[in-house]
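Student: Take this structure, written in structure tokens, and hold onto it; I'll ask about it next.
The values are calculated or read from the model by the stated rules, or taken from the named source; none is laboratory data. Everything numeric here is computed off the predicted structure, so don't read it as measured data. Here the Cβ is made from the backbone with ideal geometry for all residues, glycine too, and neighbour counts use every protein chain on show.
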Amino acid sequence: MPLEQDELWYKRAIIYQVHVRTFYDSNGDGVGDFQGLDQKLDYLVELGINTIWLMPFFPSPLRDDGYDIADYNSVHSSYGTLEDFRKFLGSAHKHQIRVIIEMVLNHTSDQHPWFQQSRSSQENPRRDWYVWSNTDTGYHEAGINFVDTELSNWAWDPVSKSYYWHRFFSHQPDLNYDNPAVREEMWNVMKFWLELGVDGFRLDAVPYLVEREGTKCENLPETHAIIKELRRKLDEQFPGKMLLAEANQWPAELRPYFADGNEFHMAFHFPLMPRMFMGVKLEDRKPITEILQQTPEIPPSCQWCLFLRNHDELTLEMLTNMERDYMNDSYAEDKAMRLNLGIRRRLAPLLDNDRRRIELMNGMLMSLPGTPSVYYGDEIGMGDNIKLGDRNGVRTPMQWSGGWNGGFSDADREKLYAPLIQDPVYGSPAVNVFSQKKTQHSLLNWMGRLIAVRKTTGAFGSGSMEFLYPANHRILAYVRRLGDETILVVNNLSNAAQAVELDLRRYKGNILIEMFGKNIFPRVGELPYLLTLGPYSFYWFRLRRI
Amino acid sequence: MTEAKLAEESSLSDDFLGQLISVGEVDILVGVPTHNNAKTIGPIVETIQASLLTFFPRERIAIINADGGSRDGTSGLVVNAAIGDTRSGSKMYALRTLHSISTQYASTPAGGMALRTILAAAELLRAKACVVISPESTQMTTDWLAALLRPIYAEQFDLVLPTYRRHRFDGILLTNLVYPMTRAVYGLRIREPYALEFSFSGRLGSQFLAQNPWLEETARAGSEIQFTLAAIAGGYRICQSFLGAREHVERRSADLVPALRQTVGALFSSLEPNFSLWSPKTGSQPIPTTGAEQEFTLEPLRINRKRLRDMFSTGVAELESVFRAILSAPTLAELQRIAGLDEAHFRYSEELWVKTVYEFAVAYHKSVISQDHIIQALAPLFRGRAFTFLMENRNGSANDVGNNIEGLCLEFERMKPYLLEMWSGRQ
């Protein structure tokens, strides 16, 4: 069955972020692969997923988990072949699952042939494909992203005896987007995958494409012009495909990436995510409502992408120093949990494995304005391993069962690309898909119900947003509306039961139908609507005038 | 106090209760009792807010204004200090909602009721630490709250009382009676037992709320000193924090009797129920103090000393029959003698003053006449003692003033057996 035709499919998407390496190993070599991913599509369908976001799977020295690409038009041999990818993609589409892939535009691996040629001599035709300099003093106002490992954005290349620019690791030289040949070649790369049938791209590190002296080298007009050009080509040649921006910026700086609906279709809402954690820890809605109040309107065809966790550290860049300190002290008491300006932990351990808080956070993820993205394994409450370096602690093998290698691989244990989580709380014997499938009230089954209920209304994906401001600041309440559908969401951010009076007079005469149990609540009248909520509980109500 | 009892006796309005429900649990509660303080309250609340956001940015905090029927918009000025997600009364950034709510506990001011309202709010909100700030403390700095709250919050003290840099002639009632007598009787060197700014732990607040006979009008006066005395009697951990300068406030002559009721009346009232606690104590002990125990400023101050002495002499003559009921014959005779002296020779000695105070305390205890009349009768005698204090310290250095106060304290301590003998009726 072909994919349903829907220009705005990304507004109705439930995204599942996964690295092919981590998901399922079909050939017993200890590394997940496309055939394995293909075999697990039924699982994702059952969960309610309709979009997969694949992390980089291209040939790479894997010094940054594949974000250091050495060949854009192929598949890393550990994960299979291009044909395997093609089969997987076809299979996903048959399952009504769209696939978006990672596209690292900003930089390549230093092993990429382009860079090898570029560094080989000053006269090489690809010399100008990267950003070279005889000194390391240029663009000094640009910040360093990986402060724990990099001292400068310039690195000395002993081969060509000059410095090259890198906004990330020094083994990831930045491409020179002032060079039309680079722009053309990167579009060719995107076209290659679009012709194979991918449904969109998550464009990595987009704010950094262009460098200009005297600026922070972020969010420059020239960068926006490049994205507009890519979008124009995309719309002309591949209508219905989607671009998702990774731009860790403040809302006002993010807004230009939507332009007039002619740059990105979607962008991650980075500042919201840590504030959701902060709100729950503070038991106060203020951080969440404040950031959403500051979030500008976006064109109707555009969409925010929301997430709780992803493959990176829980970034605290979009916080004030006071907020960052609070988050570190609250969620990363052990300094080993901290990395760069973030916290390298998974959702369940961050929330002390508290089922109520995990549910509340997912409830907000699924009901706040935007498209939710679920990080693989968080649907079963997988743990992390902070003893592994960099961000590898949140990239361990998916735990399918309590058996050998957690059901991830038949390989000898030492062959696994990364060790399984082994602690008694989060290890595969305790946390796995197999056992949670069999338990009606498991987190996995609850997540499936949550997603199913979300899908019963378009209001969550496309509806308007209106905050209610009850006097009780521990209650985060909002109304989502789309057409004649009205959904009331009430979240208790506190670990104690709460009473709240909601001003629902404008909905007078409606009855409230709780969307999970479909129970009827009293009709809305003139008086404040009184609700009581248990610790960390939430309600989704459909308002009906019957 | 059980929650049921609290609800039963509650004078909290439904509206206030609703606001407390919305506040929920707090770590710190700042109580601000007010009555027509619009002229000063704005900057004070701003200072409170700045202090909280600087020193306690992560704590759950509520500012509770207990208002005694202001008609000048005081309450609105406090409420506007709230920082929430719909509006902010501050340019400073707050990590979380900072509540600022107001309630009118009565249509006329009553300090005890204001404190009770604050204590009730603290109990309902399960505050770990509470601080009470006077609406007249215009010289308050952001450090005050930190100095008052940290010992509660970080060092598990139950009551933190202030010490100030005062003018040498500010608080003569405090330095000549309340402090030395409290010190001698209870054995603790608490400089400001009747404090306008103080902080306390949630457990002490709850204890006081439960024990104090709030419904008795007399018990409501001087509740601040009762609070200190309750902390002493309950064996709670007490300390002092130096806050800095406290401005001299000009008091009208007519303010003296209410001040005596609130301080000396409360002190005298505390003696009977706590007799077993204080009677065996001799001497006094210092209590932990952060910063200076006392500091004096010496700038010139106009005080009508002649009027003080005249009021003393007139009082001794007019109230002779009352004094006969209160004072011993030798004490009265000595008072009558000095009342006849001219200004140059007049001196109300420390020993005579201590005897006077102790005899008044015993008369109060034995209710020889109406207790309120006893307190009122102390007013002219206090003026006489104040005159002597002013004369003796008019050219003194800060050290001299401190030494003189210390000398008086030691006299109170030395003569404590005299109090005990009279108390048990042997004299």
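Student: Go through (1) within 14 Å of chain A (Cβ to nearest Cβ); (2) surrounded by fewer than 24 Cβ atoms within 10 Å (Cβ to Cβ) one by one and return the number of the condition residue B:143 breaks.
Tutor: Status for residue B:143: all satisfied but (1).
Student: Continuing with the same structure: With respect to residue B:411, determine if the residue is touching a helix residue (DSSP H, G or I) at 6+ places or on another chain (Cβ under 8 Å), surrounded by fewer than 23 Cβ atoms within 10 Å (Cβ to Cβ) and over 17 Å from residue B:181 (Cβ atoms). Lay out the reasoning, then the answer.
Tutor: Values: touching a helix residue (DSSP H, G or I) at 6+ places or on another chain (Cβ under 8 Å): yes; surrounded by fewer than 23 Cβ atoms within 10 Å (Cβ to Cβ): yes; over 17 Å from residue B:181 (Cβ atoms): no.
Against the criterion (touching a helix residue (DSSP H, G or I) at 6+ places or on another chain (Cβ under 8 Å), surrounded by fewer than 23 Cβ atoms within 10 Å (Cβ to Cβ) and over 17 Å from residue B:181 (Cβ atoms)), residue B:411 does not qualify.
Student: Of the residues A:65, A:38, A:6, A:71, only one is over 22 Å from residue A:189 (Cβ atoms) and surrounded by fewer than 19 Cβ atoms within 10 Å (Cβ to Cβ); which?
Tutor: Details: A:65 fails: over 22 Å from residue A:189 (Cβ atoms); A:38 fails: surrounded by fewer than 19 Cβ atoms within 10 Å (Cβ to Cβ); A:71 fails: over 22 Å from residue A:189 (Cβ atoms).
Just a single option satisfies the conditions, and that option is A:6.
Student: Please work out which one of (1) within 14 Å of another protein chain (Cβ to nearest Cβ); (2) more than 24 Å from residue A:329 (Cβ to Cβ) is the condition residue B:84 fails and give its number.
Tutor: Tallying (1) within 14 Å of another protein chain (Cβ to nearest Cβ); (2) more than 24 Å from residue A:329 (Cβ to Cβ), residue B:84 fails exactly one: (2).
Student: Ok, one more. How many of the residues making up the stretch B:87-102 are outside any strand (DSSP E or B) and either modelled with pLDDT of 85 or more or within 11 Å of chain A (Cβ to nearest Cβ) (or both)? Break it down stepwise before answering.
Tutor: Keep residues of the stretch B:87-102 that are outside any strand (DSSP E or B), which gives B:87, B:89-97.
Now drop any that are not either modelled with pLDDT of 85 or more or within 11 Å of chain A (Cβ to nearest Cβ) (or both), which leaves B:87, B:92-97.
So the count comes out to 7.
Student: If you go through the stretch B:31-40 one residue at a time, do you hit one that is under 26 Å from residue B:138 (Cα atoms), aliphatic (A, V, I, L, M) and at pLDDT 95 or above?
Tutor: Applying the first criterion (under 26 Å from residue B:138 (Cα atoms)) to the stretch B:31-40 yields B:31-40.
When the remaining residues are screened for being aliphatic (A, V, I, L, M), the result is B:32, B:38.
Add one more test, that the residue is at pLDDT 95 or above, and what stays is B:32.
Scanning the stretch B:31-40 turns up at least one residue that is under 26 Å from residue B:138 (Cα atoms), aliphatic (A, V, I, L, M) and at pLDDT 95 or above.
Student: Here's a follow-up. Tally the residues that are among the acidic types (Asp, Glu) and within 14 Å of another protein chain (Cβ to nearest Cβ), restricting the search to the stretch B:46-73. Give the steps one after another, and end with the answer.
Tutor: Filtering the stretch B:46-73 for residues among the acidic types (Asp, Glu) gives B:46, B:59, B:67, B:72.
Those still in the list that are within 14 Å of another protein chain (Cβ to nearest Cβ) too: B:59.
Residues that pass the stated criteria total 1.
Student: Going by the conditions given, is residue B:115 surrounded by 20 or more Cβ atoms within 10 Å (Cβ to Cβ) and in the same structural domain as residue B:77 (by TED's automatic domain parsing)?
Tutor: yes
Student: Something else: Quick check on residue B:372: is it free of Cβ contacts under 8 Å to residues at least 12 places away in the same chain and not polar (S, T, N, Q)?
Tutor: Details: free of Cβ contacts under 8 Å to residues at least 12 places away in the same chain: no; not polar (S, T, N, Q): yes.
No: the conditions fail for residue B:372.
Student: Next up: Being part of a loop (DSSP other than H, G, I, E, B) and more than 28 Å from residue A:227 (Cβ to Cβ) is the filter; apply it to the stretch A:252-295 and report the residue that is nearest to the other protein chains (Cβ to nearest Cβ).
Tutor: So the first thing to find is which residues in the stretch A:252-295 are part of a loop (DSSP other than H, G, I, E, B), and the list is A:258-265, A:269-271, A:283-285, A:294-295.
When the remaining residues are screened for being more than 28 Å from residue A:227 (Cβ to Cβ), the result is A:283-285.
Numbers: A:283: 8, A:284: 4, A:285: 6 Å.
Restricting to residues being part of a loop (DSSP other than H, G, I, E, B) and more than 28 Å from residue A:227 (Cβ to Cβ), the top hit is A:284.
Student: Here's something else I'd like to know. Name the residue, out of A:525, A:448, A:517, that is out of contact with any Cys (no Cβ under 9 Å at 6 or more places or on another chain) and assigned to a helix (DSSP H, G or I). Steps first, answer last, please.
Tutor: Values: A:525 fails: assigned to a helix (DSSP H, G or I); A:517 fails: assigned to a helix (DSSP H, G or I).
Result of the check over A:525, A:448, A:517: A:448.
Student: Ok, one more. Taking the condition of being closer than 15 Å to residue A:405 by Cβ and either of a type outside the set (S, T, N, Q) or in a strand (DSSP E or B) (or both), how many residues in the stretch A:1-39 meet it? Don't jump to the end; show me each part of the working.
Tutor: Pass one, the stretch A:1-39, residues closer than 15 Å to residue A:405 by Cβ: A:21-33, A:36.
Narrowing the set further to residues that are either of a type outside the set (S, T, N, Q) or in a strand (DSSP E or B) (or both) leaves A:21, A:23-25, A:28-33, A:36.
Residues in the stretch A:1-39 being closer than 15 Å to residue A:405 by Cβ and either of a type outside the set (S, T, N, Q) or in a strand (DSSP E or B) (or both): 11 in total.
Student: May I pose another question? Can we say residue A:445 is away from chain B (no Cβ under 12 Å), crowded, with 23+ Cβ neighbours inside 10 Å and under 27 Å from the mean Cα position of the chain (by Cα)?
Tutor: no
Student: Can you say whether residue A:295 is among the polar types (S, T, N, Q) and more than 30 Å from residue A:131 (Cα to Cα), as far as the supplied structure shows? Quick ask: steps written out before the conclusion?
Tutor: Numbers: among the polar types (S, T, N, Q): yes; more than 30 Å from residue A:131 (Cα to Cα): yes.
Yes: the conditions hold for residue A:295.
Per-residue answers, yes or no, for (1) among the charged types (D, E, K, R); (2) surrounded by fewer than 24 Cβ atoms within 10 Å (Cβ to Cβ):
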| site | (1), (2) |
| --- | --- |
| A:346 | yes, no |
| A:351 | no, yes |
| A:354 | yes, yes |
| A:357 | yes, yes |
| A:369 | no, yes |
| A:381 | no, no |
| A:386 | no, yes |
| A:389 | no, yes |
| A:396 | no, no |
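Student: Let me ask another. Residue check: is residue B:69 without any contact (Cβ under 8 Å) to a residue 60 or more places away in the chain, surrounded by fewer than 20 Cβ atoms within 10 Å (Cβ to Cβ) and out of contact with any helix residue (DSSP H, G or I) (no Cβ under 6 Å at 6 or more places or on another chain)? Steps first, please.
Tutor: Details: without any contact (Cβ under 8 Å) to a residue 60 or more places away in the chain: yes; surrounded by fewer than 20 Cβ atoms within 10 Å (Cβ to Cβ): yes; out of contact with any helix residue (DSSP H, G or I) (no Cβ under 6 Å at 6 or more places or on another chain): yes.
So residue B:69 fits the description; yes.
Student: Checking residue B:76 against (1) away from chain A (no Cβ under 14 Å); (2) not in a helix (DSSP H, G or I): exactly one of these is not met. Which one?
Tutor: Unmet condition: (2).
Student: Considering (1) in contact (Cβ under 8 Å) with a residue 60 or more places away in the chain; (2) under 30 Å from residue A:467 (Cα atoms), say which one residue A:352 fails and leave the rest.
Tutor: (1)
Student: Quick one: residue A:440 ticks every box in (1) more than 21 Å from residue A:535 (Cα to Cα); (2) modelled with pLDDT of 95 or more; (3) more than 26 Å from the chain's Cα centre (by Cα) bar one, so which box is it?
Tutor: (2)
Student: To continue, here is another question. Would you mind finding the one in B:106, B:38 that is closer than 24 Å to residue B:206 by Cβ and either away from every other protein chain (no Cβ under 14 Å) or without any contact (Cβ under 8 Å) to a residue 24 or more places away in the chain (or both)? Steps first, answer last, please.
Tutor: Numbers: B:38 fails: closer than 24 Å to residue B:206 by Cβ.
Only one candidate passes the filter, namely B:106.
Student: Moving on. With the structure loaded, tell me whether residue A:499 is within 14 Å of chain B (Cβ to nearest Cβ) and modelled with pLDDT under 95 or whether it fails that test.
Tutor: Criteria met by residue A:499.
Student: If residue A:324 meets every condition in (1) in contact (Cβ under 8 Å) with a residue 40 or more places away in the chain; (2) within 12 Å of chain B (Cβ to nearest Cβ); (3) not β-branched (Val, Ile, Thr) apart from one, which number is that one?
Tutor: If we test residue A:324 against (1) in contact (Cβ under 8 Å) with a residue 40 or more places away in the chain; (2) within 12 Å of chain B (Cβ to nearest Cβ); (3) not β-branched (Val, Ile, Thr), just (1) comes out false.
Student: How many residues does the stretch A:450-490 contain that are touching a residue at least 60 places away in the same chain (Cβ under 8 Å), over 26 Å from the mean Cα position of the chain (by Cα) and surrounded by fewer than 20 Cβ atoms within 10 Å (Cβ to Cβ)?
Tutor: 1
Student: Considering only residues that are surrounded by fewer than 20 Cβ atoms within 10 Å (Cβ to Cβ), among the polar types (S, T, N, Q) and assigned to a loop (DSSP other than H, G, I, E, B), which ones fall in the stretch A:74-113?
Tutor: Scanning the stretch A:74-113 gives A:74, A:81, A:96, A:111.
Okay, residues lined up against (1) modelled with pLDDT of 95 or more; (2) closer than 19 Å to residue A:309 by Cα:
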position: A:383; (1), (2): yes, yes
position: A:394; (1), (2): no, yes
position: A:403; (1), (2): yes, no
position: A:435; (1), (2): yes, no
position: A:446; (1), (2): yes, yes
position: A:458; (1), (2): yes, no
position: A:462; (1), (2): yes, no
